[in-house]
Amino acid sequence: MPLVKNGAVVEDRFTRVLDDAAIVDDVPVIMPAARLLADVGDLAGRRGATGVLWPNDRDISQLAPHLDRLALVALDFPNFRDGRAYSQARILRERYNYRGELRATGQVLRDQFLLLHRAGFDSFEVSKPADASAFAETIARYSVVYQPADAGTPAALRRRNASSKAGARVHLREHDA
Amino acid sequence: MYVYDDFDRTLVDERVNEFRDQVARRLSGELTEDEFKPLRLMNGVYLQLHAYMLRVAIPYGTLSSEQLRTLAHIARRYDRDYGHFTTRQNLQFNWIKLSDLPDVMADLAKAGLHGMQTSGNCVRNVTTDQWGGVAPDEIEDPRIWAEILRQHSTMHPEFTYLPRKFKIAITAAAHDRAAVRVHDIGLRLHKNGAGESGFEVVVGGGLGRTPFVGKTIKPFLPKRDLLSYVEAILRVYNQYGRRDNIYKARIKILVHEMGAEKFGAEVDAEWQNIKDGALAIDLAFIADIASRFRYPKYENLANEPPALTQVRSRNSRFDTWFRNSVTPHKQRGYAIVTLSLKPEGAPPGDATSEQMDAIASLADRYSFSEIRVAHEQNLVLPHVAQRDLPVLWEQLEKIGVATPNVGLVSDIIACPGLDYCSLANTRSIPVAQELTRRFKNLGTQRELGRLHINISGCINACGHHHVGHIGILGVEKNGQEFFQITLGGRADEKAELGCLLGPAVPYAEVADVIEDVVAAYVELRDQPNELFVDTVKRIGVEPFKERVYAAR
Ligand code: SF4
């Protein structure tokens, strides 16, 4: 499955480890949520980066205390119509200020790229190779959006009404710069 | 009217381009039907029994004459010369080809119309009072809030793949014409003790297989908090709403299973985190949205001008129509006129291209180029000078939309049923047509007073049968069409679900049974002006049941 990061197809430096497989100290790994929570004490001294695969039916607030030790959080779309991970993504970005890599995994398709990106995802395990190569073009498809949700990319946004009301709080309608 | 600016136009145009690309990828096989389905649904495209159906959004039921002409053009060019107005202030075209759809959408976009989010598991077209901005009993124009919510929910990055569809309705009047208590979120704009206006927030109402009247979780929410609070509700629902069973996926089931109090507490906890963030609404923002609504420049006119009263006294047919279809307006000297799309023997809510064009021209001449769509599947000319009513009436008569049956027994709400819908158990349009023939005598109808009949062709309840004063639900029994009848439902501020009358009856007997129910009411009411729904409330369904089933 191709991995898209910063708009381009890249090599995945992370390895997924199953529940009981051994973890090599200096290899970047993505581990299951249960194992992360169980072994959290042992992870402090690792040299390799640590990531977690968090299921979409587990309360994301359980992850909050461990975020500063994580280089990557992968959120799951068991099928693309199951949108729970969109909420988890925004909560991680906006409530817990998580700034590490936020990866969409599972059934990740072209027609959801823009929503995923706007919800705060910045890397994508894309289901179809043709979709992966169309990534940059797809997320540029809209030049306007209504909601102020794009936690990951606030700097890229310009406020439609900013000039008319400095300090005003509602900016429903924003243009991408 | 809400007037699009460049921003809104750009978004709709970009959506058309995206959809064109999606259709091309579907036709080339790059997208599977499973992957394409939610995408087409979110553009209003359904696969029905015989063809694709396109549902066009008419936000808060407001249309310009130019937009209505565009709808007429689409009916003529791409469909079979008519369109169908639904119970959710949308318009449906029933016979569109998939390969034509991108062009249809491009034509719609030119007039500021689209099918976005009229289907799919997302926040649907927000509905409100069809008399928004003109009703004398409203505290302010609810359409401004409907537009704010429309913008907020359009292509929302978090709430586009919810467990199930999500419907929001708003009222700002004493009398609820938007059925807010039977929506996923119902909002009632009202004033608190201190004279400030804010929203009562009702959640978890809805019809369908498991009907519920919604519960109030916030009696008074300040306006500034509307978006953050709605976002909190949606976030709780998106995470905890059931996804294992399509019949249990609506928010009403979550609210029911958690209990309204616990659900409200979860929402509050979520809301505390976001209420002072980017979604808090300030006055400048409200003013910005409000400024894009255009209001007519009314003339300074008197009520009841002689041009009106003279014709009323000498033409009793006009007077009958006036008393039935004309309603008081906020502005002195003006009136709200309802156009009945329920002539005897016709499918409820259909309008031909010719009628749409003619109504658009009448709107230009007599209603500041504006038309409204009512959830009862009628149209409305919202700003007619009272002195123009007699000449307008003559024109409306000519095109067949002046049947004085608004709110009466033949003003039936019916879903498309087996004539179009692939989910249907039974026909519903032919039942409605037969009933309009049985009750064609207008004198009798008036004598019966306000009486709403609602018909659904299956348990999905698109005809809102649970909240009809008389509800008719089509069910299948051993391959035959049967109908369950409920009495006493209502969708207004006293919302209630109807009670079952008795065993289901076969297709051939429905109209007879309804006639018997109505005859029983005439016998049972304690005075001529006791409405049907009040009689049922007072004595229950038993006396009706005895009379109706005794003979069978
Ligand atoms: S109620 Fe049933 S039959 Fe009628 S339109 Fe809805 S889904 Fe179709």
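For A:Ser87, indicate whether it is out of contact with any His (no Cβ under 6 Å at 6 or more places or on another chain), more than 8 Å from chain B (Cβ to nearest Cβ) and either open to solvent by 50 Å² or more (accessible area, probe 1.4 Å) or modelled with pLDDT of 90 or more (or both). Write out each step before concluding.
Working: out of contact with any His (no Cβ under 6 Å at 6 or more places or on another chain): yes; more than 8 Å from chain B (Cβ to nearest Cβ): no; either open to solvent by 50 Å² or more (accessible area, probe 1.4 Å) or modelled with pLDDT of 90 or more (or both): yes.
No: the conditions fail for A:Ser87.
In region B:418-439, which residue that is of a type in the set (A, V, I, L, M) and outside any loop (DSSP other than H, G, I, E, B) is nearest to the ligand (Cβ to nearest atom)?
Here is the first cut: in region B:418-439, the residues of a type in the set (A, V, I, L, M) are B:418, B:423-424, B:429, B:431-432, B:435.
Narrowing further to those that are outside any loop (DSSP other than H, G, I, E, B): B:418, B:429, B:431-432, B:435.
Numbers: B:Leu418: 7, B:Ile429: 10, B:Val431: 11, B:Ala432: 12, B:Leu435: 16 Å.
Filtering region B:418-439 for residues that are of a type in the set (A, V, I, L, M) and outside any loop (DSSP other than H, G, I, E, B), the one nearest to the ligand (Cβ to nearest atom) comes out as B:Leu418.
Of all residues in region B:180-207, how many are at positive phi and open to solvent by less than 10 Å² (accessible area, probe 1.4 Å)? Before you say what the answer is, go through the steps one by one.
Residues of region B:180-207 at positive phi: B:195, B:204, B:206.
Applying the additional criterion that residues be open to solvent by less than 10 Å² (accessible area, probe 1.4 Å) yields B:204, B:206.
So the count comes out to 2.
Within region B:440-474, track down each residue that is assigned to a strand (DSSP E or B), touching a residue at least 40 places away in the same chain (Cβ under 8 Å) and more than 9 Å from the ligand (Cβ to nearest atom).
Taking region B:440-474 first, the residues assigned to a strand (DSSP E or B) are B:453-456, B:470-474.
Then keep just the ones that are touching a residue at least 40 places away in the same chain (Cβ under 8 Å); that gives B:453-456, B:470, B:472, B:474.
Result: B:Ile453, B:Asn454, B:Ile470, B:Ile472.
With the requirement that a residue be under 18 Å from the mean Cα position of the chain (by Cα) and at positive phi, what does region B:373-423 give you?
Hits for region B:373-423 are B:Gln377, B:Gly407, B:Gly417.
Please give the number of the condition B:Pro348 fails out of (1) within 16 Å of the ligand (Cβ to nearest atom); (2) open to solvent by 10 Å² or more (accessible area, probe 1.4 Å).
Going through (1) within 16 Å of the ligand (Cβ to nearest atom); (2) open to solvent by 10 Å² or more (accessible area, probe 1.4 Å) one by one, B:Pro348 breaks only (2).
So for region B:90-103 (the condition being modelled with pLDDT of 95 or more and β-branched (Val, Ile, Thr)), does at least one residue qualify?
Within region B:90-103, not a single residue is modelled with pLDDT of 95 or more and β-branched (Val, Ile, Thr).
Checking the condition open to solvent by less than 10 Å² (accessible area, probe 1.4 Å), touching a residue at least 24 places away in the same chain (Cβ under 8 Å), more than 16 Å from the ligand (Cβ to nearest atom) and farther than 30 Å from B:Glu515 by Cα, which residue from B:Val384, B:Val373 passes? Spell out the reasoning first.
Working: B:Val373 fails: farther than 30 Å from B:Glu515 by Cα.
Residue meeting the stated conditions: B:Val384.
Can you tell which of A:Leu70, A:Leu37 is more than 10 Å from chain B (Cβ to nearest Cβ) and touching a His at 6+ places or on another chain (Cβ under 9 Å)?
On the way: A:Leu70 fails: touching a His at 6+ places or on another chain (Cβ under 9 Å).
Only one candidate qualifies: A:Leu37.
Restricting to region B:248-297, what's the tally of residues that are part of a loop (DSSP other than H, G, I, E, B), surrounded by 18 or more Cβ atoms within 10 Å (Cβ to Cβ) and more than 14 Å from every other protein chain (Cβ to nearest Cβ)?
Matching residues across region B:248-297 total 1.
How about region A:36-58: which of its residues are open to solvent by 30 Å² or more (accessible area, probe 1.4 Å), under 24 Å from A:Phe124 (Cβ atoms) and more than 15 Å from the chain's Cα centre (by Cα)?
Hits for region A:36-58 are A:Asp57, A:Arg58.
Considering only residues that are assigned to a helix (DSSP H, G or I), of a type in the set (Asp, Glu) and either open to solvent by 70 Å² or more (accessible area, probe 1.4 Å) or free of Cβ contacts under 8 Å to residues at least 60 places away in the same chain (or both), which ones fall in region B:501-547?
So the first thing to find is which residues in region B:501-547 are assigned to a helix (DSSP H, G or I), and the list is B:507-524, B:532-539, B:542-547.
The next check asks that each one be of a type in the set (Asp, Glu); those that pass are B:509, B:512, B:515-516, B:523, B:534, B:542, B:546.
Of everything in region B:501-547, those that are assigned to a helix (DSSP H, G or I), of a type in the set (Asp, Glu) and either open to solvent by 70 Å² or more (accessible area, probe 1.4 Å) or free of Cβ contacts under 8 Å to residues at least 60 places away in the same chain (or both) turn out to be B:Glu509, B:Asp512, B:Asp516, B:Glu523, B:Asp534, B:Glu542, B:Glu546.
Mind checking which residues of region B:426-452 are surrounded by fewer than 22 Cβ atoms within 10 Å (Cβ to Cβ), polar (S, T, N, Q) and out of contact with any Pro (no Cβ under 9 Å at 6 or more places or on another chain)?
Those that are surrounded by fewer than 22 Cβ atoms within 10 Å (Cβ to Cβ), polar (S, T, N, Q) and out of contact with any Pro (no Cβ under 9 Å at 6 or more places or on another chain): B:Asn441, B:Thr444.
In region A:65-77, how many are loosely packed, with under 15 Cβ neighbours inside 10 Å and over 14 Å from A:Leu102 (Cα atoms)? So that I can check it myself, show each step before the final result.
Let us first name the residues in region A:65-77 that are loosely packed, with under 15 Cβ neighbours inside 10 Å, namely A:65, A:68.
When the remaining residues are screened for being over 14 Å from A:Leu102 (Cα atoms), the result is A:65.
Counting residues in region A:65-77 that are loosely packed, with under 15 Cβ neighbours inside 10 Å and over 14 Å from A:Leu102 (Cα atoms) gives 1.
What number of residues within region A:33-78 are under 18 Å from A:Ala89 (Cβ atoms) and among the basic types (Lys, Arg)?
Looking only at that region, the number is 1.
Which of the following residues is of a type outside the set (Asp, Glu) and within 11 Å of chain A (Cβ to nearest Cβ): B:Phe85, B:Phe19?
Numbers: B:Phe85 fails: within 11 Å of chain A (Cβ to nearest Cβ).
None of the other options fit; the residue is B:Phe19.
For the list (1) within 11 Å of chain A (Cβ to nearest Cβ); (2) part of a helix (DSSP H, G or I); (3) β-branched (Val, Ile, Thr), I need the number of the one condition that B:Thr160 fails.
(2)
The values are calculated or read from the model by the stated rules, or taken from the named source; none is laboratory data. Source: prediction; values computed, not measured. Using ideal geometry, Cβ is built from the backbone for each residue, glycine included, and neighbour counts are taken over all protein chains shown. The area values use the complete protein model at the heavy-atom level, side chains included, leaving out ligands, DNA and RNA. Shrake-Rupley method; radii C 1.70, N 1.55, O 1.52, S 1.80 Å.
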